[in-house]
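Step one of this worksheet: look at the structure below.
The values are calculated or read from the model by the stated rules, or taken from the named source; none is laboratory data. Note that the structure is a prediction, hence the values are computed from the model and not measured. Because the Cβ atoms are built from the backbone with ideal geometry, glycine has one as well, and the counts that use them run over all protein chains shown.
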There are 2 protein chains.
Amino acid sequence: MRERAKKLVSDLQDQIIAGLEQLDGTGTFGRDPWERPGGGGGLTRVIADGDLIEKGGVNVSAVHGELSEAFAGSLPGSGRTFFATGVSLVIHPRSPHIPTVHANFRFIEHGDKSWCGGGADLTPYYFHAADKQHFHDVWRSACDRHPDVADYERFASWCDRYFYLPHRGERRGVGGIFFDYVPASDAALDFLADAGGSFLEAYVPLAEKHRATPVTPAEREWQLHRRGRYVEFNLIHDRGTTFGLKTGGRTESILMSLPPLVKWSYAHEPAPGTPEARLLAEVTQPPGPPPAEDPRAGL
Amino acid sequence: MRERAKKLVSDLQDQIIAGLEQLDGTGTFGRDPWERPGGGGGLTRVIADGDLIEKGGVNVSAVHGELSEAFAGSLPGSGRTFFATGVSLVIHPRSPHIPTVHANFRFIEHGDKSWCGGGADLTPYYFHAADKQHFHDVWRSACDRHPDVADYERFASWCDRYFYLPHRGERRGVGGIFFDYVPASDAALDFLADAGGSFLEAYVPLAEKHRATPVTPAEREWQLHRRGRYVEFNLIHDRGTTFGLKTGGRTESILMSLPPLVKWSYAHEPAPGTPEARLLAEVTQPPGPPPAEDPRAGL
């Protein structure tokens, strides 16, 4: 299963990069292989200054070794031996009319347990109900094709809870899906492959739809300020980021998720009735109800 | 002592703002008073788009009430009742030739214990040994005037340990002083007033010295990337920031510390032999030796 998972994430990296390079038109992803001193390694592939993509990365890693006792104790499974492989991507488009997007698909083994996790979430700078609908429809369909292991409603509400900034009272964007602790099985890997394979369908049409919209300086300003929220979420709350940084992960691969250019101004707020205020109203929502059951229950 | 501390931090705010407005020449600090639902409040004073200062804030607060049980248990003193007052400032100059600076002076009561804390640290974008020397000399003198409560060597090494980014292997800058758990007394408040009163002497000459240096686009780029480290430190490690955000502090007052404009590029590194590489070599140092004694020993 380990080998299948490794191949799956590597194939997803290739497929997604091919689609994104085609979307961008001029930019290409570099290739930065690295090794982890404790075991394994990865291939970081970053794009910068494309026609559509200002900065982005589609990274894979397959690492193994020994976890710290504290971290091992916080995970399902016994002992300290682990294996993890996954693909993780963030795309920051140049235009504020095109949403930022993140996705991640991973397989983890720890002692006697193994499971899949991942998700995808959309962070627009301007709200379009049809975009949100399209993005969610793709993930709903992917989940519905794998009813034994995936549950769109549960994963979508998990996403709203996870990508939440308490100190702003804001969600990161318009959601998507988030899942973890899906017991590893051929069916779970089928779902992982299918969900990862759905990424381009979920995102590319939205980017194409808005790429020709002209951008005013005020719209760019708004985007740079909203990107600050992305930084705040990733550095304060994102488990992958904070855990990776605190346990000696490869810093540049982890922080490729940060936007290329960001502004923070004191008490920056949109005027009432503007499209900017509409986006803010959309994301200023509670994180959603707590889960009906322990997300690790199935493991 | 509470009243003396409140007046002390408020006087420091006035004095420091007067000096910084004089330094800037055109910018002025706004005035944003706020109240804390649980007790107390503060006065946030932020400057933006000055001649010398791109963004900065000099904030005071005086808050009281009940701490969460978990946080109360992590502090010296009994029970959950607390009082805290302090002045906190961060200045992000426009020119990369002028260092960013932070300082903070505070007085805290928790149950049967009360103490003072604070410090000041300098974050240059280009290294000048004489600047580091001047900054440290001012703090050494301030400490030496209060030998019963302050110890420059101990406070300077504490600063190097505290303002450290493990995932970068870098210090935030060239240090200064950091102190905490100095048992409250008239002598401790005398030190706090004298240290706070030394801030302008520590910083203004450095800003004046470099304000006329021309700035190239490449130097500005370097500054924007180094500012990313400031964001990383404040959002991941700074205790004031993370604690404040996680316990319902006033978000905009806390995050005034973030720089106005920031860049993150994948694997951005200076060429060998450049002034940028010289700065990097200066900050790429271990955090310094662990303290000889428990910093709370005197309480």
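Here are the numbers for the structure shown:
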item	result
Per-region count, the stretch A:245-256, residues more than 7 Å from every other protein chain (Cβ to nearest Cβ), surrounded by 19 or more Cβ atoms within 10 Å (Cβ to Cβ) and not in a loop (DSSP other than H, G, I, E, B)	2
Matching residues, the stretch B:178-205, being among the hydrophobic types (A, V, I, L, M, F, W, C) and either part of a strand (DSSP E or B) or free of Cβ contacts under 8 Å to residues at least 24 places away in the same chain (or both)	B:178, B:179, B:182
Any hit, the stretch B:35-50, residues being assigned to a strand (DSSP E or B), within 12 Å of chain A (Cβ to nearest Cβ) and free of Cβ contacts under 8 Å to residues at least 60 places away in the same chain	yes
Complete set of residues in the stretch A:249-299 that are farther than 23 Å from residue B:254 by Cα, among the hydroxyl-bearing types (Ser, Thr, Tyr) and in contact (Cβ under 8 Å) with a residue 40 or more places away in the chain	A:253, A:257
Residue in the stretch B:194-212 that is in contact with a strand residue (DSSP E or B) (Cβ under 6 Å, 6 or more places away or on another chain) and either over 24 Å from residue B:285 (Cβ atoms) or among the aliphatic types (A, V, I, L, M) (or both) present	yes
Residue identified as under 20 Å from the mean Cα position of the chain (by Cα) and modelled with pLDDT of 95 or more among B:211, B:227	B:227
Subset of the stretch B:262-299 that is part of a loop (DSSP other than H, G, I, E, B), closer than 30 Å to residue A:223 by Cα and in contact with a helix residue (DSSP H, G or I) (Cβ under 7 Å, 6 or more places away or on another chain) - its residue that is farthest from the other protein chains (Cβ to nearest Cβ)	B:270
Output for the stretch B:107-117, where each listed residue is part of a strand (DSSP E or B) and touching a Ser or Thr at 6+ places or on another chain (Cβ under 7 Å)	B:107, B:108
Residues located in the stretch B:157-175, provided they are away from chain A (no Cβ under 14 Å) and assigned to a loop (DSSP other than H, G, I, E, B)	B:163, B:172, B:173, B:174, B:175
Selected residue (only one of B:121, B:131 is part of a strand (DSSP E or B) and either of a type in the set (D, E, K, R) or under 17 Å from the mean Cα position of the chain (by Cα) (or both))	B:121
Boolean, residue B:183 is away from chain A (no Cβ under 14 Å) and touching a Gly at 6+ places or on another chain (Cβ under 6 Å)	yes
Residues of the stretch A:224-241 satisfying the condition of being more than 7 Å from chain B (Cβ to nearest Cβ), under 15 Å from residue A:167 (Cβ atoms) and without any contact (Cβ under 8 Å) to a residue 24 or more places away in the chain	A:238
Subset of the stretch B:262-279 [under 18 Å from residue B:127 (Cα atoms) and crowded, with 18+ Cβ neighbours inside 10 Å]	B:276, B:279
Single condition residue B:259 does not satisfy, out of (1) within 14 Å of chain A (Cβ to nearest Cβ); (2) more than 18 Å from residue B:120 (Cα to Cα); (3) in a loop (DSSP other than H, G, I, E, B)	(2)
Failed item, numbered, when residue B:240 is tested on (1) closer than 27 Å to residue B:169 by Cβ; (2) buried (at least 19 other Cβ atoms within 10 Å of the Cβ); (3) small (Gly, Ala, Ser)	(2)
